Each structure stands twice: as structure tokens, then as C-alpha cells.
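The values are calculated or read from the model by the stated rules, or taken from the named source; none is laboratory data. Being a predicted model, the structure only gives us computed values, none of them experimental. Cβ placement follows ideal geometry from the backbone for every residue including glycine, while neighbour counts extend to all protein chains displayed. Note: accessible area is taken over every heavy atom of the protein model, side chains too, but ligands, DNA and RNA are not part of it. Shrake-Rupley method; radii C 1.70, N 1.55, O 1.52, S 1.80 Å.
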Amino acid sequence: MTQIKLMHAKLHRVRVTEANVNYVGSITIDQDLMDKVGILPLEEVDVINLNNGKRWSTYAIAGEAGGGGICPNGGAALLCQPGDILIIIAYEIRDRAEVMRQGHHAKVVVADEHNYCIEFIEQKLIPQGDRLGFQTSSY
């Protein structure tokens, strides 16, 4: 059984609203954004800062719904500042053979300057015999 790691959720171009070095680790993300793409509280995420190229892994915690808050906490707060643009990615471990048989589905939110969804994208791996097709739909 070969395991592979696939992206299942992505928040693209969200902006840092606050950076809190005095909080114990994690990244606080607006609950609505987490729900839209399926990121769970305490789930590991990779964070990429498009302003300075810094990249780190941490875990997500839910922030207030609807406010658009994105707040790196603890040491990660030193890797960014309010206004920086981030990409936040969550992955899942899947059995390769299962993915070949059943496919895979990922959700992406593209955010505006206030961290509201301006585009919702579904990316799918679709079984096609011994290979996978790739399909993307934007809403």
C-alpha cells in the first residue's frame, strides 16, 4: 500500500490581518474560510508568504467567522507582517491505488484584499483507466 500526500484545501492570496508573537503557535484563520475549503481546527497546514518567500508548517485554529482574519501566531508572526499575502495549503495522506480507482477532490478559495472569496475552485483527479485526468471548475 503506497501512500501519497495530496493537496485537499488551499486558501490563495489571503492577507495577514494581524501577527501575534505572544500566542502559543499556530495560525488563526477565519472560520468561514476554513469551512469553505474543509480545513479542520488543529489540522497541519503549510504557509507560504508571497511577500518574502518564507515558508513554514503549523496548525490551523478557527478565528471569528466572517471577519476575514488571518493571524500567524508565535514564531510565525516574525515571518510576516499585516498586509503580507499568503497561500495556506492543507494536505491529506491517501492510498495511491485508491486515488487511481476513486479519484480525488480539492477545494481552493481565491481571496480579495479583505479575505473574502472572489473565486471558488474545485480541482478533481478523475480515474481514466490506468491514469488520472485533471479537471478544474471555477465558481
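Of note:
- Filtered residue count, the stretch 1-23, keeping only those that are of a type in the set (A, V, I, L, M) and buried (at least 18 other Cβ atoms within 10 Å of the Cβ): 5
Table: residues versus (1) open to solvent by 30 Å² or more (accessible area, probe 1.4 Å); (2) assigned to a loop (DSSP other than H, G, I, E, B); (3) within 14 Å of Ile88 (Cα to Cα).
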| site | (1), (2), (3) |
| --- | --- |
| Gly25 | no, yes, no |
| Thr28 | yes, no, yes |
| Asp35 | yes, no, yes |
| Leu40 | yes, yes, yes |
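- Of note, Gln81 satisfies the criterion of being surrounded by fewer than 16 Cβ atoms within 10 Å (Cβ to Cβ) and out of contact with any Asp or Glu (no Cβ under 7 Å at 6 or more places or on another chain).
- Scanning the stretch 52-62 for residues being surrounded by 13 or more Cβ atoms within 10 Å (Cβ to Cβ) and not in a strand (DSSP E or B) gives a total of 1.
- Per the listing Ala90, Ala65, the residue uniquely under 17 Å from Pro41 (Cα atoms), assigned to a strand (DSSP E or B), touching a helix residue (DSSP H, G or I) at 6+ places or on another chain (Cβ under 8 Å) and not charged (D, E, K, R) is Ala90.
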